[in-house]
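Here the structure comes first, spelled out in structure tokens, and everything after it is commentary.
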Amino acid sequence: MDSHSQSPQHIVIFPYMSKGHTIPLLHLLSHLRRRFPLLSLTLFTTTACRPFVSQFLSDSATHSVSVIDLYFPQNALDGLPTCVNPDTLPTELWAATELMQPEFEKRLHSLPVPATFLISDMFLSWTNESASKFGIPRIIFNGMSSYTRALTSAVVKSRVFAGGQSEDELVTVPDFPWVKITRRELNSVFWPEADPSSHQFQFIMKLLLPPIKSYGLIVNSFDELEPTFADYIRNSEKIWNIGPLCLHQYSFDVTTNCQPTQKLQMRQVTTDRPKWLEWLEEKHKQGEGILYIAFGSEAEISSEQTKEIEIGLEESGVNFLWAKKEEMEDKGFEERTKERGIIVREWVNQWEILKHGAVKGFFSHCGWNSVTESLSCGVPMLTYPLMAEQGLNARMVVDELRAGMSAVGETTLSMKGLVKGEDLKRCVRELMEGEKGKKVREKAMEISEMAKKTMTENGSSWRNLELLMQEMCNKSSLIMQTDLLPLNGRGVNYAQ
């Protein structure tokens, strides 16, 4: 069919209502707008999330995007507000999102330009049914690594934990004999003794069924990072690796052939200079490296453990920036460490911190966004997983990629008991100053260079996104235009 006679191509994007799930899809939205300027783009969100979404679109100069707010029905669940705050996510929200389905379908059906396809978060499994009603293909946005999905699938298929192992006993994963994990690193719903009637079990099962019925998955990763595990997933599901999406807004000076010394040019212009940024730049001028510390917004750390972290940081003597809303357990901690540490209590753009030249390490809970952002910037990680699939992410960073160290032990990389300040002091010093820290930093820099290349013209993620668009939009020549800064045809071509 002649491309000029076709209807405009229209992509609808629907993130889950938390910053960790919303940010990557906002990055994708911005990336699509820049690469394919003739696309129509619509984003579904909630009233409470709208200010954050609008601010991102403004800051990233992402124009001509239609944003539609959805509302929860009144009195849908006891204690659940009509407008959900993205920073306070009750577990019941997983079920409550389904209550948006009637309004979502009404708004989806009434779009002035019919949707070509839908991209929705893996947690919004019910959107698969909605898309099917209107003959719209649904692509799942998978917020996890292929490593985690592959290992989970292999473990469930083999029932390798049916032998009643202890939570900390290392067990070989049958399809990946070089990988050893513990039960603790796997979500308990996949344990043989899991209760099928539990809310969490039923929710996870809902997540596992839609990929069978959906058109495919997009993954915030890249082919070169985890090829074996991505190929394993491809045996049963159609996937496109299109990340790391945190690199969406940059063009690269390819005249330096993407060497570590290159400078990333940011299209976004930031006028405000927060105090923490000035502090980082001052430390950078002094030639001092900084340890960045953040554990996400959903997991909780006990006051006892927080105190041990404070002890470890203070005794380590390293410079640090700690993103932490709560007050310190030791009221004198900030005063005693003010010459080499800063506590940031407002929400910060983590990417802005990690890409700063002063940051040399990341003490992290290992959410997948944090992993991709840290490694994209060449920053090695001190892993401290707390929940969900974070234990497997930590295992990947430490054992598979060799780009980080564990803060909780070498056998089980998931949180267990109390990590003492003395042990944290040793780990922090080794990451920032030791020989092992030097090795994992070198590896992180290697991964960073791969990540930059994959997002440039002819890189694997660049090509994968183009293949996805061609497949979903009937290879329309109109949308394959680009308004990116010219790369002089010197992108990296992995097909050669």
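Note on the range 334-389: residues that are assigned to a helix (DSSP H, G or I) and in contact (Cβ under 8 Å) with a residue 60 or more places away in the chain total 13.
The set of residues from the range 445-471 being buried (at least 20 other Cβ atoms within 10 Å of the Cβ) and in contact with a Cys (Cβ under 8 Å, 6 or more places away or on another chain) comprises S448, K452, K453, T456.
Taking every residue in the range 9-34 that is under 15 Å from P244 (Cα atoms) and pairing it with any residue that is in a strand (DSSP E or B) and charged (D, E, K, R), at least 6 positions away or on another chain, the pairs with Cβ-Cβ distances below 6 Å are H21/D121.
What about D168, is it out of contact with any Ser or Thr (no Cβ under 7 Å at 6 or more places or on another chain) and farther than 30 Å from S40 by Cα?
Working: out of contact with any Ser or Thr (no Cβ under 7 Å at 6 or more places or on another chain): no; farther than 30 Å from S40 by Cα: yes.
Taking the combined requirement at face value, the residue does not satisfy it.
Of W351, W368, W347, all but one fail to be surrounded by 18 or more Cβ atoms within 10 Å (Cβ to Cβ), out of contact with any Asp or Glu (no Cβ under 7 Å at 6 or more places or on another chain) and not acidic (D, E); the exception is W368.
The residues of the range 365-387 that are among the small types (G, A, S) and either at pLDDT below 95 or outside the structural domain of A299 (by TED's automatic domain parsing) (or both) amount to a single one, G367. When I218, I140, I181, I136 are checked against the criterion of being surrounded by 16 or more Cβ atoms within 10 Å (Cβ to Cβ), at pLDDT 85 or above and over 24 Å from the mean Cα position of the chain (by Cα), a single residue qualifies: I136.
Restricting attention to the range 378-401, the residues being surrounded by fewer than 24 Cβ atoms within 10 Å (Cβ to Cβ) and within 29 Å of E281 (Cα to Cα) number 1. Scanning the range 127-156 for residues that are touching a residue at least 24 places away in the same chain (Cβ under 8 Å) and either touching an Asp or Glu at 6+ places or on another chain (Cβ under 7 Å) or in a loop (DSSP other than H, G, I, E, B) (or both) yields a total of 13.
Any residue at all in the range 394-413 that's among the polar types (S, T, N, Q) and touching a Lys or Arg at 6+ places or on another chain (Cβ under 8 Å)?
First, the residues of the range 394-413 that are among the polar types (S, T, N, Q): 406, 411-412.
Those left that are additionally touching a Lys or Arg at 6+ places or on another chain (Cβ under 8 Å): 412.
Yes, some residue in the range 394-413 is among the polar types (S, T, N, Q) and touching a Lys or Arg at 6+ places or on another chain (Cβ under 8 Å).
The values are calculated or read from the model by the stated rules, or taken from the named source; none is laboratory data. The model shown is predicted, which means the values in this text are computed figures rather than measured ones. Cβ atoms come from the backbone with ideal geometry, glycine included; neighbour counts cover every protein chain shown.
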